[in-house]
Amino acid sequence: MTDYKFSFGPWNISEGADPFGPEVRDAFPHAEKYALFKKLGFDGVQFHDDDVVPEIEGKSHDTIMRETAEVKSILDGEGLTPEFVAPRMWFAPETIDGGYTSNSESDRKAAWERTKTTIDIAKALGSKAVVLWLAREGTYIRESKDAQQAYERILATVNQVLDYDAEIELWIEPKPNEPTDQTYLPTIGHTVALSYASNDPSRVKGLIETAHAQLAGLDPSDEMAFALAHDKLGSIHINDQNGLKYDQDKNFGSANLRAAFNQVKVLENAGYGKNGEFVGVDVKAMRTQKGSPVTEHLTTSKRIFELMVEKVRTYDQAKEAAFRDARDYEGLELYVMEHLLGV
Ligand code: XUL
Ligand code: MN
């Protein structure tokens, strides 16, 4: 047990479909997922707008708000915190070429309408933030959009969000590619720059996902440290990635234990979580796993994170400082490896 609080989204309990094959497990009703969170050791729920209101497209604003209120009372009953709500802007036909950066004016309008609805849902649920994972805000071929104009359009949207509600925070989840070839705002550096360019930088932060940083060829612990140095780490998605492939969302630490150690070390040193920040677990269930619902990946990643917290807390900082002073990085490397290996 540690003092961290963990969250995940209903989409993390899935039926195993991938681009090459259909579902392999029975569907587990969305509404029944909330009862699992506490039992699994999780206190927070991350949402897409249509996780809160299934089949949101085509529903009236009143219906959306009524269904949101029903979900809120379930969460209150379970004692769960709604951490954030994210508009799922990559399914609808209007977002086939992105929303905010689409070349079509009516698509851009639809994206903004959807974003406003997401903010309304977040407010009604009691979430302090909306998350933008900019899925299709990018290009398949570079010439299809004007990149400078695209960045300006994203900034204009960020300012519209800030104007729309005086309190809501906006956390951008950078990812360099997939589903597009190249996404705008591929790293936390881009996100932080956008934040400072916005009308209220204190409310524009980032959500760093381990695998997304790795897909950008970057070290997730350095990405986290960069955001923390600017006081802009709204949340995290822990998982792992085995090289530059599709977005794998493997169990935290399962591909690179040392990188996992360093992420937890950065978070611990910064006191991450002390102001209510969650450790979000964005991990895919293996397609081979039997049963319904399949939840082992969530508890496995949480357990690995907690074991890493113990590794960080038993790591000898004074020893590290001495190795640094002596510039004996061979000595430091052996110490780190022995510590990780338990010798
Ligand atoms: C996409 C991803 C999403 C976001 C939420 O790669 O990580 O699940 O976390 O929209
Ligand atoms: Mn994620």
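The values are calculated or read from the model by the stated rules, or taken from the named source; none is laboratory data. Since we're looking at a predicted model, the values are computed, not measured. No Cβ is skipped: glycine too gets one built from the backbone with ideal geometry, and neighbour counts run over all protein chains shown. Ligands, DNA and RNA are stripped out before the accessible areas are found, and what is left, the full protein with its side chains, is counted by its heavy atoms. Shrake-Rupley method; radii C 1.70, N 1.55, O 1.52, S 1.80 Å.
Given the options P176, G280, V52, identify the residue whose Cα lies farthest towards the positive end of the charge dipole of the chain (+1 on Cβ of Lys, Arg; -1 on Cβ of Asp, Glu).
G280
Would you pull out the residues with amide H under 5 Å of A86's amide H, same chain only if 5 or more places away, H placed 1.01 Å from N?
Under 5 Å from the amide H of A86: F47, H48, D49, V131.
Less than 14 Å Cβ to Cβ from S106, Lys/Arg counted +1 and Asp/Glu -1: what total charge do the surrounding residues give?
That works out to -2.
Take the chain, connect every pair of alpha-carbon atoms lying under 10 Å apart with a spring to form a Gaussian network, then pick out the residue of P174, P87, P29 with the largest mean-square fluctuation.
Taking springs between Cα atoms under 10 Å, the residue moving most is P29.
Using Cα springs under 10 Å in a Gaussian network model of the chain, which residue among E277, E105, E268 shows the largest mean-square fluctuation?
So, out of E277, E105, E268, the one fluctuating most is E105.
For a quick check, take a GNM of the chain with Cα springs below 10 Å and name the residue from I74, I172, I238 with the largest mean-square fluctuation.
I74
Suppose only helical runs count, i.e. DSSP H with n ≥ 4. What mean residue ellipticity at 222 nm does that imply for the chain under -39500 (n - 2.57) per run, divided by all residues and rounded to the nearest 500 deg cm²/dmol?
Calculated from helices alone, the mean residue ellipticity at 222 nm is -14000 deg cm²/dmol.
By how many degrees, between 0 and 90 and to the nearest 10, does the Cα long axis of helix 30-40 differ from the longest principal axis of the chain?
20
Roughly speaking, to the nearest percent, how much of the chain's 1.4 Å accessible area is carbon and sulfur?
Looking at the chain in its full context, I get 52 percent from C and S.
Considering the zone a paramagnetic label at E70 would reach in this model (a point 7 Å from Cα along the Cα-to-Cβ line), which residues of segment 14-34 have amide N under 20 Å from it?
27-34
Tell me, in nm to one decimal, what length is gained between R327 and S104 on full extension, where the rule is 0.36 nm per residue of separation less the Cα-Cα distance?
Separation in residues times 0.36 nm, less the Cα-Cα distance, equals 74.6 nm.
So if each residue of separation counts as 0.36 nm, and I subtract the Cα-Cα distance between E143 and N242, what length gain in nm does that give?
Between E143 and N242, full extension yields 32.5 nm more.
In degrees between 0 and 90, to the nearest 10, how far off the longest principal axis of the chain does helix 105-125 point, with axes built from Cα atoms?
70
Averaged per residue, what accessible area in Å² does the chain show with a 1.4 Å probe, protein chains only?
46
Cross-link candidates for K145: which lysines have Cα within less than 19 Å, leaving aside residues fewer than 8 places away along the same chain?
K109, K175
If the limit is 23 Å between Cα atoms, which of K232/K265; K33/K116; K33/K250; K123/K232; K38/K245; K33/K311 go over it?
K33/K116; K38/K245; K33/K311
In straight Cα distance, which aspartates and glutamates are under 17 Å from K72, not counting same-chain residues fewer than 8 positions off?
The qualifying aspartates and glutamates are E32, D43, D49, D50, D51, D62, E83, D120.
Quick check on segment 189-338: take the gyration tensor over C-alpha atoms, sort the square-rooted eigenvalues as a ≥ b ≥ c, and tell me if it's rounded (a/c under 1.5), prolate or oblate.
Here segment 189-338 falls in the oblate category.
Any chance you could list P(r) for the chain, counting all Cα-Cα pairs in 10 angstrom bins from zero, rounded to whole %?
5, 24, 34, 25, 9, 2, 0
At 4 °C and a viscosity of 1.567 mPa s, what translational diffusion coefficient does Stokes-Einstein give for segment 167-218, taking Rh as the Kirkwood radius over Cα pairs? Give it in µm²/s as a whole number.
115
Using only the alpha-carbon atoms of segment 1-149 as identical scatterers, what base-10 log of I(q)/I(0) does the Debye formula give at q = 0.09, 0.12, 0.16 Å⁻¹?
-0.34, -0.58, -0.96
If one takes the longest principal axis of the Cα atoms in the chain, at what angle in degrees, from 0 to 90 and to the nearest 10, does the Cα axis of helix 220-229 lie?
In the chain, helix 220-229 runs at an angle near 80 degrees to the longest axis.
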